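Peer 1: Sharing a structure below in C-alpha cells format, with a few things to ask.
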Amino acid sequence: DTGVSQDPRHKITKRGQNVTFRCDPISEHNRLYWYRQTLGQGPEFLTYFQNEAQLEKSRLLSDRFSAERPKGSFSTLEIQRTEQGDSAMYLCASSLGASVQETQYFGPGTRLLVL
Amino acid sequence: EDQVTQSPEALRLQEGESSSLNCSYTVSGLRGLFWYRQDPGKGPEFLFTLYSAGEEKEKERLKATLTKKESFLHITAPKPEDSATYLCAVLRMDSSYKLIFGSGTRLLVRP
C-alpha cells in the first residue's frame, strides 16, 4: 500500500539553520497540500499545489518558508533561518484531483524541533 | 470568520460505553465535512466525508451524521483500540481547497 510518505520523520535543528522536508504523494494524485500542526491543535493549512503549480498560500507561510513541486510529483518544504516557533509537526496530504470535494490523505508527518 | 469547534476536548469512556463527539461549524457555505482519526505521533487517518444535511455514514463502531450547523460522531460500544484523537474539518464553498480543522477530541477508552 503506497500511501503518502514523508522524509525525514524527525528533525532536530538549531535556531537559524535551514531545513528541508520532502513529501511523496500517492501515485497519480495531482493535488498536494502542506499543513502544520502544533501540540493540542488541529492541522493548519500552509499551501496547495495542483500538479506543479502552487495555487494557494496561507498567511502562515512567511517569507522564510518556500514550497516547490518541480515536476508535479514529490514536493519539498524549506524553512530558512528557523525559529523556535517553527517547532511543529509538518504534514503533507494528497488528493486525486478529480473533484472539488475529494478526500485529502495525509502522510505520517515530519516532526521538527528547533533548539 | 470561519470556525470549527469540537467538544468535548477530552472524553474518557469505559469499554462498551457508547457516546458522541460534537463538531459545530461556522463557514460561508459548506462543500464537505470530514472526520479523521489521529494516533499519537502519526498523521490523520481518513474516516468519513459528509456533504449535505441529513447524511449519515457508518464504519464498524463509528457513525457520522451531519446537520446544517454541526456533525456528530457516534461511537457504539467502543473498544480500547478506538482510543485516539478525532478531528473534524470543513471545506468551504469557494475556490479554496484548504481544510479548516477543529482542535480535536481526545478519546480514551478504558478496558
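Peer 1: How would you classify the protein assembly as shown from its alpha-carbon gyration tensor, with a ≥ b ≥ c the square roots of the eigenvalues: rounded for a/c under 1.5, else prolate if a/b is greater than b/c, otherwise oblate? Walk me through the numbers on the way to the answer.
Peer 2: Details: a/c = 1.87, a/b = 1.43, b/c = 1.31.
Prolate, since a/c reaches 1.5 and a/b exceeds b/c.
Peer 1: So with the 1.4 Å probe, I'd like the accessible area per residue for the protein assembly as shown, rounded to whole Å². Before the final figure, lay out the partial values.
Peer 2: Numbers: 11280 Å² over 226 residues.
Normalised by residue count, the accessible surface of the protein assembly as shown is 50 Å².
Peer 1: Report the accessible surface area buried between chains B and A, summing both sides, using a 1.4 Å probe on protein heavy atoms only, in Å² rounded to the nearest 100. List each step's numbers first, then the result.
Peer 2: Numbers: alone 6290 and 6760 Å², together 11280 Å².
In total, this chain pair buries about 1800 Å².
Peer 1: Please report the orientation-averaged projected area of chain A, defined via the convex hull of its C-alpha atoms, in nm². Write down the numbers at each step before the final one.
Peer 2: On the way: hull surface 28.0 nm².
Answer in nm², one decimal: 7.0.
Peer 1: Which whole-Hz ³J(HN,Hα) couplings does segment A:7-16 yield from phi under the Karplus relation 6.51 cos²θ - 1.76 cosθ + 1.60, θ = phi - 60°, glycine and proline marked x?
Peer 2: So the J values, rounded to whole Hz, are 8, x, 7, 9, 8, 10, 9, 9, 3, x.
Peer 1: In the protein assembly as shown, what percent of the accessible surface is made up of carbon and sulfur (1.4 Å probe, ligands and nucleic acids excluded)?
Peer 2: On the way: 5190 of 11280 Å².
Carbon-and-sulfur percentage of accessible area, whole number: 46.
Peer 1: In nm, to one decimal, how far is the modelled label at A:Ser58 from the one at A:Thr20, with both set 7 Å along Cα→Cβ?
Peer 2: About 2.3 nm, to one decimal.
Peer 1: Another one. Given a cut-off of under 8 Å on Cα pairs at least six residues apart, what relative contact order in percent is computed for chain B? Mind showing how you got there, number by number?
Peer 2: Numbers: 281 pairs, mean separation 40.8, N = 111.
Relative CO of chain B lands at 37 percent.
Peer 1: A further question on this structure: Using only atoms on other chains, find how many Cβ atoms lie within 10 Å of each Cβ of peptide A:43-50 and report the average.
Peer 2: Mean number of neighbouring Cβ atoms from other chains: 4.
Peer 1: How would you classify segment B:24-82 from its alpha-carbon gyration tensor, with a ≥ b ≥ c the square roots of the eigenvalues: rounded for a/c under 1.5, else prolate if a/b is greater than b/c, otherwise oblate?
Peer 2: Details: a/c = 2.45, a/b = 1.50, b/c = 1.64.
It is oblate, given that a/c is not under 1.5 and a/b is not larger than b/c.
The values are calculated or read from the model by the stated rules, or taken from the named source; none is laboratory data. It should be emphasised that the depicted structure is a prediction, and the values quoted were computed from it without experimental measurement. When we count neighbours, we look across all protein chains shown, and the Cβ atoms used for this are built from the backbone with ideal geometry, even at glycine. The protein model used for the area step is the full one, side chains on, heavy atoms only, and it has no ligands, DNA or RNA in it. Shrake-Rupley method; radii C 1.70, N 1.55, O 1.52, S 1.80 Å.
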